[in-house]
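The block underneath contains the structure these notes are about, expressed in structure tokens.
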Amino acid sequence: MDYQVTSKWDESLWRKVEPVYREAFPEHRGKSNGVLRRMFQRKLSELHTWTEAGDVIAMALTSTDRPSNVLVLDYIAVRANQRGRGIGRHCVEAISEWAATSESCRAVIIETEADDTEENAERIKFWQKVGFQLTGYVHPYIWVSETYYAMYLPLDPSFKPDDDGKSLFKYITKYHEKAYRGGDIE
């Protein structure tokens with residue numbers, strides 16, 4: 001499996017990645033192409049891809065918060081017909097290694113839906129199996145109805161929020177605000 005990271009928008013690469021992204025995150029759950037394109041133009045994101053025989057089988061979108069040395073993992077998706085092979089775990093390990101060595105990050109941070117559903121419980125279970133720690137704080141956003149937990153994977157053993165996870169949302173919220181600043185473009 002080939003792994004690639006890019007911080008530049010590449011329309012032809014995105015056309016190969018987009019089916020994997022939209023399969024996992026339909027238009028109403030993911031960012032529009034305009035927002036994604038603008039995030040790369042503003043140097044807010046990195047696109048991680050995993051390919052086999054030239055086909056994209058997994059992808060992730062991240063954002064490095066350089067002043068704080070943390071990586072926000074915004075989206076990760078494995079093509080549905082490739083799930084169950086350990087690819088998700090492999091992707092998280094590759095991202096973590098890249099974040100620690102190339103970006104000098106102290107932690108990887110994600111948000112996951114807090115609603116008490118079987119699907120959300122399965123997601124949290126996956127993240128815990130790959131080393132993420134669940135925090136107790138439930139974060140409400142003003143722009144979406146769902147609530148979220150923050151989870152973190154320490155890359156530096158000393159990294160630990162000094163609260164119930166609320167402080168982790170300052171990184172996540174800062175990223176979302178920068179991503180959406182200026183409205184959607186298509």
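The values are calculated or read from the model by the stated rules, or taken from the named source; none is laboratory data. None of these values were measured; they are calculated from a predicted model. Don't worry about glycine lacking a Cβ; one is built from the backbone with ideal geometry, like all the others, and counts go over all protein chains shown. Remember, those area values only see protein heavy atoms, side chains included, never the ligands or the DNA or RNA. Shrake-Rupley method; radii C 1.70, N 1.55, O 1.52, S 1.80 Å.
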I want to confirm something. Restricting to region 114-158 and keeping residues that are of a type in the set (D, E, K, R), closer than 24 Å to K31 by Cβ and assigned to a loop (DSSP other than H, G, I, E, B), which single residue is modelled with the lowest pLDDT? E146
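Return the only residue of V70, V5 being open to solvent by 30 Å² or more (accessible area, probe 1.4 Å), touching a helix residue (DSSP H, G or I) at 6+ places or on another chain (Cβ under 7 Å) and of a type in the set (A, V, I, L, M, F, W, C). First the steps, then the outcome.
Working: V70 fails: open to solvent by 30 Å² or more (accessible area, probe 1.4 Å).
Sole residue among the options that is open to solvent by 30 Å² or more (accessible area, probe 1.4 Å), touching a helix residue (DSSP H, G or I) at 6+ places or on another chain (Cβ under 7 Å) and of a type in the set (A, V, I, L, M, F, W, C): V5.
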Positions within region 136-173 being surrounded by fewer than 16 Cβ atoms within 10 Å (Cβ to Cβ) and under 29 Å from R38 (Cβ atoms), in sequence order: P140, Y141, I142, W143, V144, S145, E146, T147, K166, S167, K170, T173
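For every residue, the table says whether it meets (1) in contact (Cβ under 8 Å) with a residue 12 or more places away in the chain; (2) open to solvent by 20 Å² or more (accessible area, probe 1.4 Å).
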| position | (1), (2) |
| --- | --- |
| N81 | no, yes |
| G84 | no, yes |
| E97 | no, yes |
| T101 | no, yes |
| S104 | yes, yes |
| I110 | yes, no |
| E119 | no, yes |
| W127 | yes, yes |
| L134 | yes, yes |
Of E52, E93, E27, which residue is of a type in the set (D, E), in contact (Cβ under 8 Å) with a residue 12 or more places away in the chain and either more than 30 Å from G136 (Cβ to Cβ) or buried (at least 17 other Cβ atoms within 10 Å of the Cβ) (or both)? E52
Starting from residues that are without any contact (Cβ under 8 Å) to a residue 24 or more places away in the chain, part of a loop (DSSP other than H, G, I, E, B) and more than 24 Å from D116 (Cα to Cα), keep the ones in region 159-180 and report whichever is nearest to the chain's Cα centre (by Cα). K160
A77, sole failed condition from (1) open to solvent by 20 Å² or more (accessible area, probe 1.4 Å); (2) touching an Asp or Glu at 6+ places or on another chain (Cβ under 8 Å): (1)
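Applying the selection to region 114-146, what residues are of a type in the set (S, T, N, Q) and closer than 19 Å to K174 by Cβ? Quick ask: steps written out before the conclusion?
Step one: filter region 114-146 for residues of a type in the set (S, T, N, Q), giving 117, 120, 128, 133, 135, 145.
Result: T135, single match.
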